[in-house]
Amino acid sequence: MARILLLHSMYGLRPAVHQAADRLRAAGHDVHVPDLYDGRVVDTPEEGIAIKEEIGRDELLKRAVAAAAPLSDDRLVYAGFSLGAAIAQNLALGDERSRGLLLMHGTSDMADGVAADDLPVQLHVADPDTYEPVDWLNAWYLRMRAARADVEVFRYPGVGHLFTDPGLPDHDADAAGRAWTIALDFLADL
């Protein structure tokens, strides 16, 4: 069993995030799902970007750190969707006790000199993905490997960015099913 901090996408804490948390709980994990948007949920990428910019990157990270702090003694697995994945990556790389990192649909840049010694990292991403272009992903992968993370990348051809969210037009049930099967195996091995 892993203790998991699961962070929502730029759409906010949608029902799909709660469904994902329930899926993880059914597999025996202890899952915590903070609301970084204070209850706001949106329907379009434009609205999500507006809220993200209104709150600001630093404040979102601060809120995520505050959510993780009471849990971090238990070697957290950080996980997230899109924007939440980018934030989860920052938290995991800043927490030397991190147990793992599960990224669904998103990544983040990395500071020079970051060490992620043998940190298990798994990324699930659309192929192609307008938010995660191939050149970016290749550079991200090389930087993660240079930081000594144990990285796996799973690409899903022909699906939309947030293909695991059944409430969005990007949803692809087959790809989502494959992603969750692989992700649950990853978490079971941590």
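Throughout, read-outs are computed from the coordinates displayed, never taken from laboratory work. Since the structure is predicted, the reported quantities are computational estimates derived from the model, not experimental observations. Neighbour counts are summed over all protein chains in view; Cβ atoms, including those assigned to glycine, are modelled from backbone coordinates with ideal geometry.
Within the chain, helices built from complete DSSP H runs that reach 20 Å or longer along their own axis (Cα positions) and carry a mean Kyte-Doolittle hydropathy of 0.5 or higher are 173-188. Helical content of the chain, expressed as a calculated mean residue ellipticity at 222 nm, amounts to -12500 deg cm²/dmol (DSSP H runs of 4 or more residues, -39,500 (n - 2.57) each, divided by residue number, nearest 500).
Stretched out fully, how many nm does the piece from residue 71 to residue 55 gain, at 0.36 nm a residue minus the Cα gap?
On the way: separation 16, 0.36 × 16 = 5.76 nm, distance 2.37 nm.
Gain on extension, residue 71 to residue 55, equals 3.4 nm.
Under the combined filter of DSSP loop state and at most 16 neighbouring Cβ atoms within 10 Å, region 110-190 retains these trypsin sites (Lys or Arg not before Pro): 148. Only bridges with both residues in the chain count here: give the DSSP antiparallel percent, nearest 5. Of all bridge pairs located within the chain, approximately 10 percent are antiparallel.
I'd like the trypsin sites (Lys or Arg not before Pro) in region 31-103 restricted to DSSP loop residues with at most 15 other Cβ atoms within 10 Å, sorted by number. Numbers along the way, then the final one.
Values: sites: 40, 52, 57, 62, 63, 75, 97, 99; in loops: 40, 75, 97, 99.
For trypsin sites (Lys or Arg not before Pro) across region 31-103 that sit outside H, G, I, E and B with at most 15 neighbouring Cβ atoms in 10 Å, the list reads 40, 75, 97.
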